[in-house]
Every structure is written in structure tokens, then in C-alpha cells.
Amino acid sequence: MADLSNLAGLGSDPSGEIDSSASSANNRSLRLAEKEKRKGEADPFGLAVKYLSQVEAGTVVRGNDELERNMLVVETVALSKGLPSEVITVLLDLALSLNAGTGNCARVLKFLIPATVVPQEAIVKGVSWLCVGKMPMNAQVLFVRWVLTVFDLIDCKDNLRSIYGFIFSFVTEENLCPFICHLLYLLTMREHVHPYRVRKLLDIQAKMGRQPFLTQLLALYKVFRPDLVTLSLPSRVRVSVFITSLAELCSSARCMLYSIFLRNFKVITCFQLPAQMGSLLGSALALHYLDCVQDESASLRLNFWLGHSLQEEFLLCPVDGSSDNTSEACRFLSTILFSQQFLQEGFSSTESFLYKFLSVWDGCLLRPQILDLLSDIPLMPSFYMHKLLFEPLKQLYFTSTVFFKVCMVLLFFFLSVCLTMTLSGFMDSVMELVRFVGLLASEGLRLENCHVLLLNQTLAFYETVCDMFLKYSLPLIIMPPAGVFYPALFATDSVSVDRLGYIMYRYRKNLTLAKKQEQQREQTFHISRNTYKEFNRNLQAMVNSMWNSWWCIPGSDIEIDKDLISLSKVPEPWCRFDLIHHPALFSYAIEFHQRTGKYWNWYMEFLFNQGFDGLNNFIQTNTGHSSGLSSQDDRQPTSQP
């Protein structure tokens with residue numbers, strides 16, 4: 001009976017199962033809600049960013065505790081870790097749209113510190129907000145200063161350059177002009193230089209005077225279009241003033257970002273200058289402070305102390321070579337290097353010290369640090385560069401080991417790249433540098449019996465030089481001297497010969513384009529006839545020796561007396577440097593002959609499949625020969641290796 005009553009009870013309350021199910025669903029909803037709550041508590045930053053992305057125009061700002069709370073969460077993360085790129089986009093749009101008010105616009109821009117990169121689309125959209133004209137002037141200035149500060153972190157600049165005209169339109173704003181000129185200086189390419197822009201800058205200069213930011217932007221325009229700008233190049237003093245003004249632009253922008261850090265470090269103001277001046281070097285926080293306060297007297301005292309210390313340690317009491325003294329001096333110079341790289345500018349006292357130290361330097365003591373400091377030397381006209389830099393280094397170069405010579409060529413390689421990419425307007429400095437390296441390399445190769453390491457480093461230098469017109473839009477084409485060209489042509493290593501092939505191939509490309517533009521009157525500069533003659537002479541020598549098996553041409557640079565050649569008793573000496581018998585390629589010819597056969601085109605295919613892209617391009621461009629396999633009828637037998 002008990003069993004039956006239980007069964008009856010179940011049957012008598014049909015709603016029991018439904019109540020149980022509803023209760024279970026309720027519990028599940030509560031659990032999910034609790035889980036979401038805990039998730040929000042675990043990721044307040046994500047919720048704060050989501051909230052700020054949904055702030056609309058007209059939102060009440062004053063007394064809005066929720067807005068302030070979320071803003072504070074994001075600000076705390078930004079100052080401690082930096083912000084992801086997608087958050088940068090959201091917050092920049094929030095700030096410049098003024099949806100959160102004018103006060104919060106400045107606040108956001110001051111803590112908008114990227115953790116990785118800055119999306120260029122965020123900057124482009126920011127410029128569009130600038131064009132709307134809603135922002136007050138101080139917010140506009142703050143935005144452009146922020147762009148300058150994070151410029152190197154922008155993931156790509158193509159779209160920014162495509163709106164160059166919109167950015168240029170703001171040069172007429174007196175408060176924005178210095179910062180806009182700096183931004184234009186970083187973005188300018190040859191296609192951006194037009195007569196109306198030059199006229200506009202000259203008009204502004206007539207009203208404002210010869211301001212450094214205007215002068216240097218015009219100087220950059222002159223590099224690309226010398227026919228449009230009649231501006232005379234500034235003197236070395238004015239260049240230094242401009243470098244200082246650019247540093248001020250950068251440092252003032254950095255000041256905006258980092259000033260909030262300094263509020264918590266009141267102790268910095270207790271530095272006793274100049275007694276404790278050395279404690280500034282190597283300390284990122286202290287250097288921030290020095291950069292932000294823009295105290296001219298502090299900078300002067302730092303330079304005075306630094307110059308005095310360098311003179312005492314290295315000029316009056318030179319390092320004796322003991323391990324303790326050397327390691328201490330190494331740490332000191334490394335600290336200076338760190339400080340200069342951190343501030344993105346060199347100390348004038350370091351520059352003065354280097355010019356004096358080079359006259360007594362043996363080329364070995366603290367070589368890595370000295371060469372690194374030399375690479376930080378600012379731009380200067382060729383006269384000063386030759387007198388202060390080239391002459392003492394030339395003496396060192398000729399009396400040093402081959403490895404120091406390689407380091408020297410490497411140093412000048414980096415200097416040439418910096419000069420070329422900054423496009424400073426010092427064409428004479430670039431030309432002087434390239435010719436000086438050609439002289440050093442020629443003599444160095446002669447003294448070191450064409451050492452393969454020195455030769456390859458020299459060719460790496462000329463791989464940059466040969467493309468200065470095409471890659472960097474510099475109106476300069478400077479051929480390598482014979483002391484570099486012929487050691488590479490007759491080198492015993494295949495890498496050097498292949499690199500020479502690539503260099504000659506790129507020289508032809510650059511000269512062809514320069515000639516075409518000159519004929520179409522697209523440029524005012526003129527490539528000299530001597531340059532074409534040098535190229536044609538080198539081209540003839542290379543084609544004749546490697547392709548035509550006729551290297552000893554009467555009247556050429558490498559003409560050798562026939563009687564002297566006969567004394568060598570080398571059979572068929574005229575073909576000793578063709579693609580088969582060349583010392584750098586002979587091993588490939590033997591391998592091909594042993595493995596395959598004697599067909600010329602097959603050998604060419606085999607040779608170029610070894611990775612000699614430079615030679616391949618050179619041969620195809622200058623002989624019309626294709627590296628593809630020809631038909632059976634076109635095959636010609638090679639001579640016997």
C-alpha cells in the first residue's frame with residue numbers, strides 16, 4: 001500500500017516537476033549573472049574601454065562618476081603598461097571628437113602611451129577631426145605634438161603621406177606651424193614638393209622671419225626640387241640651431257607624456273648641480289627630468305662637466321690600458337652613449353672631445369665605444385667634416401690592421417646611410433664622404449692585398465651608393481674608383497664578383513632613369529659626362545673580360561705589355577677572366593663539365609642557378625642573354641676548362 005500511495009502522490013501533483021525545472025533555470029541565470037559579474041571584476045580595463053567606446057556626443061561630463069571611474073581605470077593601465085593599438089584608436093577618437101569634453105581631450109592625449117605600435121588609421125582619423133575645426137587650439141597643438149612623439153611607432157606611413165596636402169594646410173596656423181613643419185619634414189617625399197607649397201612657405205617666412213622650422217623644411221624641398229627653391233643653405237650655426245629646435249619639439253612632446261610620471265619623484269629636484277651632475281647620466285628618470293624642465297643652465301652645466309671629465313680622463317690623463325681602468329672608461333663611454341640615444345641627440349661636449357681625441361687615438365683603445373660615438377656626430381658642411389673627421393681618421397686607417405679598416409668602412413657606411421636618408425641638404429657632405437671612402441678603400445685594398453673581408457665591406461658600401469638616385473632621390477651618381485672596381489672584377493671569391501655584377505646593374509638602372517628625366521626636362525640637375533664615361537669604361541672592361549674573353553684592351557686602365565704577358569707562359573691569357581676560366585668561377589665550370597657536358601647555355605643556366613643573381617642581372621641587361629635553356633640549335637660548346 002505504501003508503494004501505491006507514493007505513486008498516487010506523484011500523480012496527484014503534476015506541477016512539481018515544472019516547479020523544479022523553473023527553479024533550476026533560475027539558479028542557472030543567477031550563476032551566469034554572477035559569472036559575468038566576476039568576469040567584469042577580473043577585467044575592469046576591458047569594461048572601461050568598452051564603456052568609453054560607447055560615449056556619445058552630448059554626454060554629461062561634469063559630475064559623471066561613471067565616466068570618471070572608467071577614465072581612471074584606463075589611465076592607470078596606460079601609465080603602468082601602455083595601451084594596445086586597438087585601444088589607442090578608441091581613445092584617440094574619444095578625445096578628438098570631444099564626446100567626453102574638452103578637458104578630457106587633453107587628459108587622454110597626455111596618457112595615450114602605446115605599448116607596441118600606433119595604427120596609422122588612428123592618426124589619419126585624428127587629422128580628419130583636426131580638419132573639422134571643433135577642437136580648441138591647445139588641443140590641436142597637443143594632438144600634433146603627440147603624433148610627433150609616437151611617430152616612430154606608427155605601423156605604416158603610406159596613408160599619412162597620401163593626406164600630405166591636408167596636413168600642409170595647417171602651416172598657416174601660427175601656433176601649429178612649428179609642429180606641422182616638423183611633421184611635414186618627416187613625411188616629405190619628392191612628389192610632395194610643388195611650386196605653390198614653396199610659395200606658401202616663403203610667404204609665411206616673410207611674415208614670421210627666418211624661423212628654423214621653416215628654413216629647414218624649405219631646405220628639404222630644395223634637395224628634391226632645387227629648381228623651385230632659391231634658398232641659400234644655412235650655416236653650421238644655423239644647422240645647430242635647427243637641431244636644437246627639433247630637439248625642443250621632441251622633448252616638449254615627450255614632456256607631455258612623461259610629466260605625470262614625475263609627480264611621484266619629487267626627490268629628483270634635490271640634485272645638487274653640478275656636483276652630482278654625473279648621476280644624471282644613465283638614469284632614464286633623471287634624463288626625463290632634464291629633458292622636460294628645459295633648463296638651459298642645467299644643460300650647459302652638464303655639458304661643461306661632461307667635457308671636463310672627458311678631457312681629464314682621456315686627454316690629460318689617458319687610460320693606461322690596465323683592465324680596471326679600461327673597464328671603467330668603457331662603462332663611462334657606454335653610459336654617455338645610452339644617454340645620447342635616450343635623448344635622441346648628442347652632447348656638444350662629446351663632439352668636441354671626439355675631434356680632439358682622434359688626433360691621439362691609436363685606433364684600438366675602446367674601439368667599439370669610440371666608433372659608436374662617432375656615428376652620433378651631427379651633420380656638418382664638407383669643409384668641417386674633412387678637417388675635423390676625415391683627416392685624423394685617414395692617418396689611423398693607413399697605420400692600422402685590416403680589421404680596423406673594415407670597421408672604418410662600416411662606420412662610413414652607416415654615416416652615408418644616415419646622411420642619405422635624412423636628406424639634410426648637405427649634398428657636398430654626401431659627395432665628400434663617398435669619395436673619401438673610395439680613396440680609403442682603394443689604398444686599403446692595395447695595402448692589404450685585396451683582403452676579402454675589406455673588399456666585401458667596401459662593396460656593401462657601394463651597394464648603397466649605386467642606388468642613391470633611385471632609392472633616396474638624391475641627385476648624385478658617384479662611380480667606384482678603379483682601386484675598388486678592378487680588385488672586385490678580378491677577385492678570387494665568387495661573392496665579390498657577384499656583388500660587383502649587382503652594383504653595375506644598379507648603376508645602369510640609375511643612370512638610365514637620370515638620363516630619361518633629363519631629356520624630358522623633369523629635373524634641373526645634370527649628371528656629368530665624366531660619370532657616364534666612367535660607367536661605360538667599367539662596363540666595357542667587365543663585359544669584355546667576362547663575356548667576350550678579351551680582358552686586356554689597348555688603351556684601357558688594365559693594358560699590360562704583351563711581352564710581360566708572354567713571360568707568364570699562361571696559355572690563352574686573354575680568356576683567363578671569362579665566365580668559365582675566371583678564378584672565382586673556375587670551380588663551378590669544372591663541376592659542370594664533370595657532371596653535364598660542354599654546352600654554353602647549359603653552363604650559364606647551371607651557373608646562375610648557384611645563386612649569382614647579381615651576375616645574372618648584369619649579363620642579361622648588358623648582353624641580352626637569357627638565363628633560360630635555349631633550343632638545341634642555339635647551343636654552343638664551351639671551351640675546355
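The values are calculated or read from the model by the stated rules, or taken from the named source; none is laboratory data. Treat the numbers as computed from the prediction; the structure is a model and nothing was measured. When we count neighbours, we look across all protein chains shown, and the Cβ atoms used for this are built from the backbone with ideal geometry, even at glycine. Only protein heavy atoms, including side chains, enter the accessible area calculation; ligands, DNA and RNA are left aside. Shrake-Rupley method; radii C 1.70, N 1.55, O 1.52, S 1.80 Å.
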| Hey, how many Å between the Cα centroid of the stretch 159-229 and the Cα centroid of the stretch 440-508? | 37
| request: Provide the per residue accessible area, probe 1.4 Å, for the stretch 67-168, rounded to a whole number of square angstrom. | output: 39
| said: Using a probe radius of 1.4 Å on heavy atoms only, what accessible surface per residue do you get for the stretch 325-392? Whole Å² is fine. | reply: 45
| In the stretch 103-143, what percent of the accessible surface is made up of carbon and sulfur (1.4 Å probe, ligands and nucleic acids excluded)? | 63
| task | Output the peptides 213-224, 192-203 sorted from most to least packed, where packing is the average of other Cβ atoms within 10 Å over each peptide's residues. | result | 213-224, 192-203
| Once fully extended, how much extra length lies between ASP152 and LYS394, figured as 0.36 nm per residue of separation less the alpha-carbon to alpha-carbon distance? | 83.6 nm
| field | Extended-chain gain in nm, criterion 0.36 nm per residue less alpha-carbon gap, GLU86 and LEU453 | value | 127.4 nm
| said: How would the stretch 35-152 be classified by its alpha-carbon gyration tensor: rounded, prolate or oblate, with rounded meaning a/c under 1.5 and the a/b versus b/c comparison settling the rest? | reply: oblate
| query | What pairs in LYS50/LYS110; LYS509/LYS562; LYS405/LYS569; LYS157/LYS222; LYS471/LYS533 have C-alpha atoms more than 27 Å from each other? | reply | LYS509/LYS562; LYS405/LYS569
| request: Take ASP493, project a point 7 Å from its Cα along the Cβ direction, then tell me which residues of the stretch 459-474 have their backbone nitrogen under 12 Å from it. | output: 459-460
| R0 of 51 Å, Cβ-Cβ distance THR621-GLN54: FRET efficiency to nearest 0.05 | 0.30
| note | So for R0 = 51 Å, FRET eff. of SER169-THR596 from the Cβ-Cβ r, to 0.05, ends up at 0.20
| remark: Between the modelled labels at LYS562 and VAL117 (7 Å from Cα along Cα→Cβ) the distance in nm is 6.5
| Label points 7 Å out from Cα along the Cβ direction at LYS533 and ARG69: separation in nm? | 8.4
| said: Suppose each label sits 7 Å from its Cα in the direction of the beta carbon; what would the LYS509-MET208 distance come out to in nanometres? | reply: 3.9
